[in-house]
Amino acid sequence: MPLEALRYDLTPTGLHYVLTHFDIPNIDPERWRLQIRGSVLRRVELSLNEIRLLPAVRMPVTLECAGNGRSRLTPRPRSQPWIEEACSTAVWTGVPLKTVLAQAGPHPETVEVVFWGADHGIQDGHAHTYGRSLDPEHAMRPEILLAYEMNGRPLEPQHGAPLRLVVPGWYGMASVKWLTSIEAIEEPFKGFQQSVAYRYQREENDPGSPVTAIRPRALMVPPGIPETFSRRRRVDSGRVSLTGRAWSGTGSIVRVEVGIDGVWHDADLGEQMGEFTWRGWSFDWDARTGDHVLSCRATDAEGEVQPLEQPWNFQGMGNNTVQTVHVCVV
């Protein structure tokens, strides 16, 4: 998502960030079925029409890729070289996951609920189908959705059509696209995207810890106009309104600070559209001629603050270091 699209409360669908590990599957929605299986009282199979007949909810959710900011790390870890643009907010329409799980009745011995997509490929020499899991308690939370619409329209192929999982508050890897089945299992899930990928690791052989909730982040709409190749900004002197968005998966945003050449000032916070969305902020800057470095940082209700320097990790996950924007005021 180009950062100028932070101006929109809701990201237009065509600007919403996309990350696909493998090919986008070719799925016929008329023939598609969702299976709920494994350690359940009843195996369930639902068509898209049957799912759409269930009581639906609409929920705005901010999603962010776990690798956002990876290109800022030195040395840069392998994988998508995001700068800060892997974030977006959309309104998702769908059925609460717990409604569908209730039809199947997971056994009390269920340890994890696994979500399987239709995308299949090879990563690090390992051929596998994309799958992620949640523990049963989290899976039954009311905000977890099986979504079939995005911004009021049926899902586009690149966004997981015909049905995808949406896990508000967690990085995007948990929101499995192109769902084909949900499986209740009685032992920890060892799928590649759960036990190998998406881990906070100090080094390659470190088993690490799982990536889960989104860390707090504030981003600024780039002010002024850009230079084509460097993207350095040119701004006219005088009063400049700096604006942006801030969000966190572990608590609402309670403070945003704007840095002007290293001196921090409190920004004004706007209203939040929903429990799991970004929050707008603004700050009026008296821009004086010369070169300046602008920055912004967020603090959430849990007291977590964005770092000024990002600790390195092997996979380049959860990078929420403070954004800096270099401007020339003329």
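Nothing in this text is a laboratory measurement; each read-out follows from the coordinates by a stated rule. Keep in mind it's a predicted model, so treat the numbers as computed, not measured. Don't worry about glycine lacking a Cβ; one is built from the backbone with ideal geometry, like all the others, and counts go over all protein chains shown.
Within a 10 angstrom radius of the beta carbon, how do SER237, SER175, SER248 rank from fewest other beta carbons to most?
SER237, SER175, SER248
Only counting other Cβ atoms within 10 Å, I'd like ARG239, ARG234, ARG72 sorted with the fewest neighbours first. Provide the component values of the computation, followed by the final result.
Numbers: ARG239 9, ARG234 13, ARG72 17.
Fewest to most other Cβ atoms nearby, the residues stand as ARG239, ARG234, ARG72.
5 Å is the cut-off here: which amide hydrogens, built 1.01 Å from N in the peptide plane, fall below it relative to TRP170, excluding neighbours closer than 5 in sequence?
ILE214
Tell me the label-point distance for the pair PHE22, MET140, using the 7 Å Cα-to-Cβ offset, in nm and rounded to one decimal.
The answer from the label model is 3.2 nm.
Are there any GluC sites (Glu not before Pro) in region 233-330 that are in a DSSP loop and have at most 15 other Cβ atoms within 10 Å? List them by number.
Taking region 233-330 and a limit of 15 other Cβ atoms within 10 Å, the loop GluC sites (Glu not before Pro) found are GLU275, GLU302, GLU309.
For a Förster distance of 22 Å, can you work out the FRET efficiency between the beta-carbons of GLU227 and SER71, rounded to the nearest 0.05?
0.70
May I ask for the net charge around VAL256, where only other residues with Cβ less than 12 Å from the Cβ of VAL256 are counted and Lys, Arg are +1 while Asp, Glu are -1?
Numbers: positive: ARG217, ARG245, ARG255, ARG279, ARG297; negative: GLU257, ASP266, ASP268, ASP300.
Every neighbour counted, the sum reads +1.
Give the residue list of chymotrypsin sites (Phe, Trp or Tyr not before Pro) in region 199-265 that are DSSP loop and have at most 15 other beta-carbon atoms within 10 angstrom.
On the way: sites: TYR200, PHE229, TRP247, TRP264; in loops: PHE229.
Loop-located and lightly packed - PHE229.
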